[in-house]
Amino acid sequence: MSVISLPPALTTRPLQPSDSAAIYRLMADAELHDIGSVEIEEEDIIAEWQRPSYDLAGSSVGVLDPADGDRIVAYAELMGADRYDVAVHPDVRGRGIGTWLAGWVRDLARERGAKIVGMPVPEGSAGDRLLAELGYHVRWTSWVLRLPEGRTIEERPLPEGYSLRIATEADRAQVWQVTEDAFLEWSDRERSSLEDFGAEVWQRPGFEPWHLQVVVGPEGDVVGSVFSTLSEIDGKKETYVSRLAVSRDHRNRGLAQALLVAAFGSGREHGAVSSCLSTDSRTGALTLYEKVGMVTQSVWVNRAIELA
């Protein structure tokens, strides 16, 4: 294990499902401090933790402060083969906790056979600086983009033979197939199972049918999909586009823009005053989002390190 030790006053334990609210508060406080806004929702955490393939207890550690009622002041979890998340509350930074958690993650990832492990951090943040000092390199850059409040959403007509509608339960396997095929063109990971995919989409807490929309092609099959959610920030509702995908054989026809505008429009119909999403440099999709009027809100980098 890591040669760095935690401050002696702190204790550790694996996380459990009932910790989702505490982890949300921790991550929200960290994001507010680092980027001035809160992008995470507790529903995001619950959705990831409820994936059938995920072993939360075996993949996580919480750092607790007994002097503060055993409040979780930091945590880490290995989310996949080479992806992890860490958060340290701003009040306890500078005490070596982040360094210890980074070592804990490397040890666990190495035990599971990973050759590299990394996580996203706000560019220029304390986490970014720490990982750079520890020898982590930048794998890719990510952007959080927003469609500002009041910005006009221009309609994007579909080509002849295509139609857009709310997805049904019968569409779900096709939505999974189209989305995974598209994401695996640029994401170096194993294919998510239908069950894991569903845990983060139609089984996500608060899911409503309009959150998942599809484009159907001339042959009647699903050729594109968009999954969005509705969140509340500072008392105002916002649409968050979580997944957007179009089948390779049906690209360059405006389907992605039509799906994106449909998600924005549906969100506004349900009270959203702004829209948000994230993308990274592996996808080449930044210009697509800028074309529909989105602007960059924050910049993140995925820092990773090779494991001996």
*If you take the alpha carbon radius of gyration of the stretch 1-159 and divide it by 2.2 N^0.38 Å, what ratio comes out, to two decimals?*
1.15
*asked:* Given axes a ≥ b ≥ c from the Cα gyration tensor, I'd like to know whether the stretch 163-308 is rounded (a/c under 1.5), prolate (a/b larger than b/c) or oblate.
replied: rounded
*Averaging over all projection directions, find the projected area of the Cα convex hull of the chain and quote it in nm² with one decimal place.*
15.8
*Out of residues 5 or more away from D70 or on other chains, whose amide H comes under 5 Å of its own, with H placed 1.01 Å from N in the peptide plane?*
D65
*Positive-pole candidate from I35, V61, S18, dipole of the stretch 2-147, charges at beta carbon*: V61
*Could you please report the charge total around L130, scoring K, R as +1 and D, E as -1 over all other residues with beta-carbon less than 15 angstrom from its beta-carbon?*
0
*What list of ³J(HN,Hα) values in whole Hz, one per residue of the stretch 91-97 in order, does the Karplus curve 6.51 cos²θ - 1.76 cosθ + 1.60 (θ = phi - 60°) give from phi, with Gly and Pro shown as x?*
5, 10, 6, x, 10, x, 5
_For the chain: relative contact order, % (alpha-carbon pairs under 8 angstrom, 6 or more apart)_ = 23
*Under a 5 Å amide H to amide H cut-off, with H placed in plane at 1.01 Å, what residues pair with G224 once short-range neighbours are removed?*
V215, S247
*Cα-centred dipole magnitude for the chain, charges only on beta-carbon of K, R (+1) and D, E (-1), debye, nearest 20*: 560
*With a probe of 1.4 Å, find how much accessible area the stretch 21-116 has per residue, and write the answer as a whole number in Å².*
41
_Accessible carbon and sulfur surface of the chain relative to its total accessible area, %, 1.4 Å_ = 48
*What does the charge dipole of the stretch 1-108 about its Cα centre add up to, to the nearest 20 debye, if the Cβ of each Lys and Arg holds +1 and the Cβ of each Asp and Glu holds -1?*
460
*Integer Hz, Karplus 6.51/-1.76/1.60 couplings in order for the stretch 109-124, x for Gly and Pro*: 4, 5, 4, 8, x, 6, 9, 8, 8, x, 8, x, 9, x, 4, x
*Using the Karplus equation 6.51 cos²θ - 1.76 cosθ + 1.60 (θ = phi - 60°), what ³J(HN,Hα) coupling, rounded to whole Hz, does each residue of the stretch 281-290 give in order, writing x for Gly and Pro?*
5, 6, 8, x, 9, 4, 5, 4, 6, 5
*Taking +1 at the Cβ of each Lys and Arg and -1 at the Cβ of each Asp and Glu, which of P52, T283, L78 sits farthest along the dipole of the chain towards its positive end, judged by Cα position relative to the Cα centre?*
T283
*Taking the highest mean first, how do the peptides 5-14, 62-71 order by number of other beta carbon atoms within 10 angstrom per residue?*
62-71, 5-14
*May I ask for the Rg/Rh ratio of the stretch 110-247, computed from Cα atoms with Rh as the Kirkwood radius, given to two decimals?*
1.02
*Assign unit charges at the C-beta atoms only (+1 for Lys and Arg, -1 for Asp and Glu), then state the dipole size of the stretch 49-172 relative to its Cα centre in Debye, rounded to the nearest 20.*
320
*In terms of solvent-accessible area of protein heavy atoms at a 1.4 angstrom probe, what is the ranking of T99, T168, highest value first?*
T168, T99
*Roll a 1.4 Å probe over the protein chains and send me the accessible area per residue for the stretch 185-288 in Å².*
44
*For the stretch 61-118, with the dipole built from +1 on Lys and Arg beta-carbon atoms and -1 on Asp and Glu ones, taken about the Cα centre, which of I116, H89, T99 lies farthest toward the positive end?*
I116
_the chain: antiparallel DSSP beta bridges as a percent of all, rounded to 5_ = 90
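The values are calculated or read from the model by the stated rules, or taken from the named source; none is laboratory data. These numbers come from a predicted model, not from an experiment. So basically every Cβ, Gly included, is an ideal-geometry build from the backbone, and we count neighbours across all protein chains shown. The accessibility values were calculated without ligands, DNA or RNA, using every heavy atom of the protein model including side chains. Shrake-Rupley method; radii C 1.70, N 1.55, O 1.52, S 1.80 Å.
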